[in-house]
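Comments concern the structure below.
Values quoted throughout were computed directly from the atomic coordinates according to the rules given, and no laboratory measurement underlies them. Note that this is a predicted model, so its numbers are computed, not measured. No Cβ is skipped: glycine too gets one built from the backbone with ideal geometry, and neighbour counts run over all protein chains shown.
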Amino acid sequence: MYFPVALPETMVTRGGKSMLRRHSLLCASITSLLFVLTALPIFANGQKESSSSSSGPITLTYMDYWAADPANSAMKAYIAKFEAANPNLKIERTSVPFGSLLPKALQEASSHSLPDILMLDNPQLQDFASTGALAPLDSFTTIDKSQYFPGPLSTVTYNGKLYGLPVGNNDLAIFYNKTMFKQANLTPPKTWEELLADAKALTSGNTYGFAFSAPTTEEATWQFEPFLWTAQGDLQTIGDPQAISALNLWVTMIKNGWASKSVINWSQNDVEKQFELGHAAMMENGPWNLPLLRKSTVDYGIVPIPVPKAGMVPVAPLGGEVFTIPVSNVNREKEAWKFVQMLQVPENLVAVNKAMGYIPAYIPAAKQLVAEDPQLQVFMDELKTGRARTNILGQNYPKVSEIVWNAIQSALVGTATPEAAFKQAQQQVNQALGK
Amino acid sequence: MKKSEINRARSLRRTQRYRLLFLLPVLIEVILVFVYPLFNNIRMGFQHYTIASFVNGTAPYIGLKNYVEIFSNPLMGKTVLNTLTFTVGSIVFQFAIGLLLALFFKLRFSLSQLMRTLILIPWLLPLIVSATAFRWMFDHTNGIINQFLLNMHLITQPVPWLITPHLALLTVIIANIWIGIPFNMVLLYGGLMSIPDEYYEAASIDGANAVQSFWHITIPALREVILIVLMLGLIYTLKVFDVIRVLTGGGPANSTQILSTWSYSLSFTDLSFGQGAAVGNVLMLITLVFAAIYIRAIRASLTSSR
C-alpha cells in the first residue's frame, strides 16, 4: 500500500508546463522501447545448474505441496530412507501451499528451472505432459502395467506413454455414525432411496442427516462426480437426464433440510469436522480422513457410494498425487528416476500411503496395506472401478469442471432448477470444447 | 546573451541533470517491478497464453480475440455490476464511519490515544487472517454473529450470510468496510487536526451551531483530504482480492465475483492466461480513469486554493 502523495507544486506549475510535458518525447520513446522490450524473451531464460559429474553428491530438487502433517512427516521419512540408500544423492525438498504449486511450477517452467522431481495433483499431469515439459518413463524403464490399477495408471498416461507414477490414490465413500444408526435402528444406505430415507430419519436438532462439500472450487465437482458417474452421466454430457438426476439428489437433500445449506461454503475438511462433532450423521469423504477420525470419539463405519438402482456399480473419481520427472539432461533424469522408482517398492508405498490415508496404485502394495488396515477395503474396491478425472476431457477438464461447479451451486442455492442449471451448463461446456 | 546569463543557464541545466540522476534508482525500480509486468500483461491480453506458453515460450498473437471472448461472456456484465456495487457500498460506509470516528476522536478524551491506536488493528491484520475470521463468524449454523443475533432475539432464523447469492455480496461488503475504516479515519483525523481552532471560535461568536460549523467550516477545510481519501479508497477497493477469495471464492454461483477474482480464476483455474490478462487490463483501465480524475482534481484544488 502506498501512502497518499499529493503532487508537489513544482511538478505541476513550472512555467506553465509540467516537467513531464516538456520531456514528452523522451517519455514516449521510453514507453515504446519498453513495449518492444517486453516482446523479447530476455527475461525468460534462466539456467539450471548442471550437475557436477564427479565432485561430490548430486543434489536433486523436489517440489510438493505436502507442507502439513501427516503427509509432511511421511515424505521426510521416505527422503531420509532414500538418502541413506543412495549416499551420492541428496534431495532438496520445497513444500508450497496447495494453491501455489501450479503457479510456481509454471513460473519455473518459463525460466527453465523446474525441479528434478515434481509432484503434481493427478489431473494436472495431462497439461504438463502435453507441453513436453515431462520426461516419458520409457526412457528409463518398462513398467509392467498389469501390476497397477488401470484407473490410477491412466492418470499418468498421455498419448499412450507414461509420464510419472502415482504416489497414492484416494476416492470417496460414505462415512456413517454407527451410534446414531443403531439408535435409530437403521442400516447404512446402499441405494439413493435409502440414502435419502436415512438422511431424513437422522436429521434432528443440531444434526443433519448428510454432509457433503460443494464450494466454489474443484472440490464441488470432485464430490459430485461419484453420484454423476454412478448414474452413468458424464461431465461433457452434463445436460443429460442422468446428470440432472444426480443433481436432483443433492438439491432434494438441501431443500428438505437433510443437509446443511452451508455445504456450498464447506471444504471437505469442514465436512469432516461437522461429522466429528456429530452435526452430520453421514458424510461423503475420502480415506485421508482416517488418521483424523481415529483420533476422535466417533464410532464410524464406511460404505461405498450409494447407487441409483440396486445392482449398479459405484464409480468414484480418482484423487491422489503423482511423481513426475521434468526434462533436464539425461543424467539428472536417471538419478531423479531412482527417487521415483524406490517409492514404488511395496514397503515404501505402504508406509507413505498408510500415513497419508491413501491407497497405493501398485496392486501388491494395495493388497498388503488393506490387509493391515481393513477399513480401507471399501476405498480399494472403488479404486478398481474408479475413473481418472481427465480421462475424456484431458486438458479441458479444469474449464469444464468450473462450469459444472458453478451450475451445481446455482441449483443448490435455488437460483435455478437442476434442469435449467445443467442445460445452461451444457451450452457453456459445448462452447468451451469448441463444438 | 551576457556571460552571467549563460553561466546561470548552464548551472540550471546541471542541477536538472543531478535531479534526474537522483531519480534514476527509483525509476529503475519502478520500471522493473511495476512498468515491465504492466506492459507484459497488456501484451498477454493479445496472446493465446496457455501452460505450453510457460514451458515453450510459444504464445501466438490472436489480436482482440481474448477481449471479444470476455465481453461476450455473460459473466462480464455480472462481474462489472458486482465490482461497482462492492466498491460503492464499501466506500460510502467506510468514509461515513471513518469521518464519524474522526470527529469523535477530535474530542480528545482520556483514552482517545489508546483507542485510536486500537482502531488501526483491522488495517494492520493480514487480510487472510481477518477474512478467515470473518468466514467463520458469518457461518450459517456455527457462526458467532448468528448466535449473537439469535440470542438478542433480533432474528428468529439463522441468516445464511455467505451461502445466499444476494446476501453473500452484502457480507463481503461488510467485511471490507470493517477493514477499510482505519484508513479513512486516520487520514480524516489528520485533516481535522489541521483545522485551526480560531475558525470554530469565530463561528461560535457569530452564533453558528454544531451542524452549521460542521457544514461550513469542517467540510470545506477538509476538501483536499476528502478527495484523497475517496479517490485512493476507490482505487484500493477496485483491487480487493484476498477478502473475497477467502470469504466466498467468488461464489455462490458467481454472486461475489468481481473483476480481480475473475481474472485470477480465468488464469489459474481455467488456465486461460490470455483471457485472465484481458480482464486484468479492463480492471486497470477502470482504475486508470479514476486515477486520472484524482490527479486532475488535485491539480485543480492546488491551483484554485492559491
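Which residue fluctuates most in the GNM of chain A (Cα springs below 10 Å): A:387, A:294, A:93?
A:294
Which order results if A:213, B:4 are arranged by neighbouring Cβ count within 10 Å, fewest first?
Details: A:213 25, B:4 8.
So the residues, fewest neighbours to most, are B:4, A:213.
Dividing the Cα convex hull volume of the stretch A:275-426 by residue count, how many Å³ per residue is that?
Details: hull volume 26.7 nm³, N = 152.
Spread over its residues, the Cα hull of the stretch A:275-426 gives 176 Å³ apiece.
Running a GNM on chain A with Cα contacts under 10 Å, which residue among A:251, A:298, A:315 ends up with the highest mean-square fluctuation?
Of A:251, A:298, A:315, the most mobile in the Gaussian network model is A:298.
Sorting A:415, B:171, A:297, A:155 on the 10 Å Cβ count, fewest up front, what's the list? Please report the intermediate quantities before stating the final value.
Numbers: A:415 17, B:171 24, A:297 8, A:155 30.
Least crowded to most crowded, the residues run A:297, A:415, B:171, A:155.
Count the DSSP beta bridges whose two residues both fall in the protein assembly as shown, then state the antiparallel fraction as a percent rounded to the nearest 5. Don't skip to the answer; put the middle values down first.
Numbers: 26 of 41 bridges.
About 65 percent, rounded to the nearest 5.
Take chain B, connect every pair of alpha-carbon atoms lying under 10 Å apart with a spring to form a Gaussian network, then pick out the residue of B:138, B:95, B:22 with the largest mean-square fluctuation.
Fluctuation is largest for B:22.
Counting only Cα, what are the radius of gyration and maximum Cα-Cα distance Dmax of chain A, in Å?
Every Cα atom of chain A included, Rg and Dmax give 25.9, 91 Å.
Could you tell me the ratio Rg/Rh of the stretch B:77-304? Both radii from Cα atoms, Rh via Kirkwood. Could the numbers behind the result be given before it?
Values: Rg = 20.4 Å, Rh = 19.7 Å.
That ratio is 1.04, to two decimals.
Quick one: helix A:101-110 against the long Cα principal axis of chain A, what's the angle to the nearest 10°, folded into 0 to 90?
For A:101-110 against chain A, the angle is about 30 degrees.
Under the rule of -39500 (n - 2.57) per DSSP H run of 4 or more residues, summed and divided by the residues of chain B, what mean residue ellipticity at 222 nm is obtained, to the nearest 500 deg cm²/dmol?
Values: 16 runs with 220 residues, N = 306.
Value at 222 nm, helices only: -23000 deg cm²/dmol.
Nearest 500 deg cm²/dmol is fine: what mean residue ellipticity at 222 nm does chain A get from its DSSP H runs of n ≥ 4 alone, each adding -39,500 (n - 2.57), divided by its residue count?
Mean residue ellipticity, 222 nm, calculated: -13500 deg cm²/dmol.
Provide B:222, A:412, B:114 in ascending order of the number of other Cβ atoms located within 10 Å of each residue's Cβ, fewest first. Let's see the in-between values first.
Details: B:222 21, A:412 26, B:114 9.
In order of increasing Cβ crowding within 10 Å: B:114, B:222, A:412.
Compute the helix-to-body angle for A:346-356: its Cα long axis versus the longest principal axis of chain A, expressed 0 to 90° and rounded to tens.
Between helix and principal axis, roughly 90 degrees.
Is there a simple number for the mean count of other chain Cβ atoms within 10 Å of the Cβ of residues in B:135-142, and what is it?
Values: counts 1, 1, 0, 1, 5, 6, 7, 8.
Mean shielding by partner chains, rounded to a whole number: 4.
Determine one quarter of the surface area of the Cα convex hull of the stretch A:127-173, which equals its mean projected area, and express it in nm² to one decimal. Walk me through the intermediate numbers first.
Numbers: hull surface 16.0 nm².
For the stretch A:127-173, the mean projected area of the Cα convex hull comes to 4.0 nm².
Which of the helices in chain B meet the span-like rule: DSSP H, Cα axial reach of 18 Å or more, Kyte-Doolittle mean at least -1.0?
On the way: long enough: B:3-30 (40 Å, -0.19); B:74-105 (47 Å, 1.57); B:165-193 (42 Å, 1.60); B:223-238 (22 Å, 2.03); B:273-304 (45 Å, 1.33).
Taking the DSSP H segments of chain B (at least 18 Å long, mean hydropathy at least -1.0), we get B:3-30, B:74-105, B:165-193, B:223-238, B:273-304.
Of A:178/A:200; A:261/A:309; A:295/A:354, which ones are farther than 18 Å apart at the Cα? Please report the intermediate quantities before stating the final value.
On the way: A:178/A:200 16 Å; A:261/A:309 27 Å; A:295/A:354 15 Å.
Violating the 18 Å Cα-Cα cut-off are A:261/A:309.
For the stretch A:191-243, what's the radius of gyration and Dmax over Cα atoms, in angstrom?
When restricted to the Cα atoms of the stretch A:191-243, Rg and Dmax are 13.4, 40 Å.
Quick one: grab Rg to one decimal and Dmax as a whole number for the protein assembly as shown, Cα atoms only, in Å.
Reported Rg and Dmax, both Å: 30.3, 110.
Give me a single rounded figure for A:261-269: the average over its residues of other chain Cβ atoms within 10 Å of their Cβ. List each step's numbers first, then the result.
On the way: counts 8, 10, 2, 11, 14, 2, 0, 0, 0.
Across the residues of A:261-269, the mean count of other-chain Cβ atoms within 10 Å is 5.
Helix A:418-432 sits at what angle to the longest principal axis of chain A, using alpha carbons and giving 0 to 90 degrees rounded to 10?
Tilt relative to chain A: about 40 degrees.
Quick one: what do you get for the stretch B:1-43 if you divide its Cα Rg by 2.2 N^0.38 Å?
On the way: Rg = 17.4 Å, N = 43, 2.2 N^0.38 = 9.2 Å.
So the Cα radius of gyration is 1.90 times the expected 2.2 N^0.38 Å.
Can you compute the equivalent ellipsoid semi-axes for the stretch A:53-209, i.e. the square root of 5 times each eigenvalue of the Cα gyration tensor, sorted largest first and rounded to whole Å?
On the way: eigenvalues 352, 79, 56 Å².
Values for the stretch A:53-209, descending: 42, 20, 17 Å.
Write down the Å³ per residue value for the convex hull defined by the alpha carbon atoms of the stretch B:1-74.
On the way: hull volume 14.0 nm³, N = 74.
So the per-residue hull volume is 189 Å³.
So how do B:69-80, B:198-209, A:398-409, A:98-109 stack up, highest first, on mean other-Cβ count within 10 Å?
Working: B:69-80: 15.8, B:198-209: 11.7, A:398-409: 24.2, A:98-109: 17.9.
Ranking the peptides B:69-80, B:198-209, A:398-409, A:98-109 by packing returns A:398-409, A:98-109, B:69-80, B:198-209.
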